[in-house]
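To start, the structure under review is shown below, and the notes come after it.
The values are calculated or read from the model by the stated rules, or taken from the named source; none is laboratory data. Please read these numbers as outputs of a predicted model, since none were measured by experiment. All Cβ positions, glycine included, derive from the backbone under ideal geometry; neighbour counts span all protein chains shown. For the accessible areas, the whole protein counts, side chains as well, though only heavy atoms, and no ligand, DNA or RNA atoms are used. Shrake-Rupley method; radii C 1.70, N 1.55, O 1.52, S 1.80 Å.
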Amino acid sequence: IKKEKLENLIERGKAAEREDTRLDIQDTSNSSIIKAPSSFKGNLKEYQLKGLKWLDSLYCQGINGILADEMGLGKQFKNFLLAHLTENKDVWGPFLVIAPATTLFNWKKEIEQFCPSLKVLPYWGNLGERKVLRKFFNPKYLSYKYSPFHVLITSYNLIQTDEKYFHKPYWHYMI
């Protein structure tokens, strides 16, 4: 690579890093600015904003992706992503959160705290209780602002136990 090309690439990389530190993130689909959702009640760190920018870029291109981290991205970031999808993309779910059973109550509490406009359906309990909750799984009534729920929270074990029921809804995002 010629020295000029290499210097140009380095400068573009530095410019991209500076862009990533802004709270308003460039939307690659239509060059408009993505505003931090007003429905989100919290703040994000710089590395979380980079993750959001990447996920948003994938979303705008219709590409699936997995954002992995070493226990640090946090529930707050994932709540920000859900608020971003509802407010800036008009995507109201349903969203599926699969987490260890020990964290389910914390997930519910944090979504209600950081994204009070989202309706949460905690999917746990005995067989009879879960059967009642599945009545809300009708895809005809999901994906709208006034749906019976926007976010369903459950455990890894219950996903395996009740797997056939989780195929019915079209999940817009899984966390």
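Our coupling estimate for the range 82-92, obtained by passing each phi through the Karplus curve with A = 6.51, B = -1.76, C = 1.60 and θ = phi - 60°, is 5, 5, 4, 5, 6, 7, 9, 10, 6, 9, 9 Hz, Gly and Pro reported as x. Shown in residue order for the range 44-49 are the 3J(HN,Hα) couplings computed by the Karplus curve 6.51 cos²θ - 1.76 cosθ + 1.60 at θ = phi - 60°: 10, 8, 4, 5, 6, 5 Hz (x for Gly and Pro).
Annotation for I63 and S147: the two label points, set 7 Å from Cα along the Cα-Cβ direction, are 2.5 nm apart. Around the Cα centre of the range 64-172, unit charges on the Cβ atoms of Lys, Arg, Asp and Glu (plus for the first two, minus for the last two) sum to a dipole of about 480 debye. Sorting 86-93, 55-62 by average packing, meaning the other beta carbons within 10 Å per residue, from highest down gives 86-93, 55-62.
Between the amide H of L121 and those of H150, V151, L152, I153, distances stay under 5 Å, these residues lying 5 or more places away or on another chain, with hydrogens modeled in the peptide plane.
Among V132, L121, N88, whose Cα projects farthest towards the positive end of the dipole of the range 41-150, with charges put on the beta-carbon of Lys, Arg (+1) and Asp, Glu (-1)? It is V132. Backbone phi angles across the range 145-151, fed through the Karplus curve with coefficients 6.51, -1.76 and 1.60 (θ = phi - 60°), yield HN-Hα couplings of 4, 9, 5, x, 7, 10, 10 Hz in residue order; Gly and Pro are listed as x.
Charge tally for I159 (other residues, Cβ to Cβ under 15 Å; Lys, Arg +1; Asp, Glu -1): +2. Counting only protein heavy atoms and a probe of 1.4 Å, the accessible surface of the range 80-156 is 59% carbon and sulfur.
For M174, the residues whose amide H sits under 5 Å from its own are L96, ignoring neighbours fewer than 5 places away on the same chain, with H placed 1.01 Å from N. Residues whose amide H lies under 5 Å from that of A99, counting only those 5 or more places away or on a different chain, are T154, S155, Y156; hydrogens are built 1.01 Å from N in the peptide plane. Summed over all non-identical Cα pairs, the Kirkwood treatment of the range 45-145 gives a radius of 15.1 Å. Excluding ligands, DNA and RNA, the accessible surface per residue across the range 66-175 is 56 Å² with a 1.4 Å probe.
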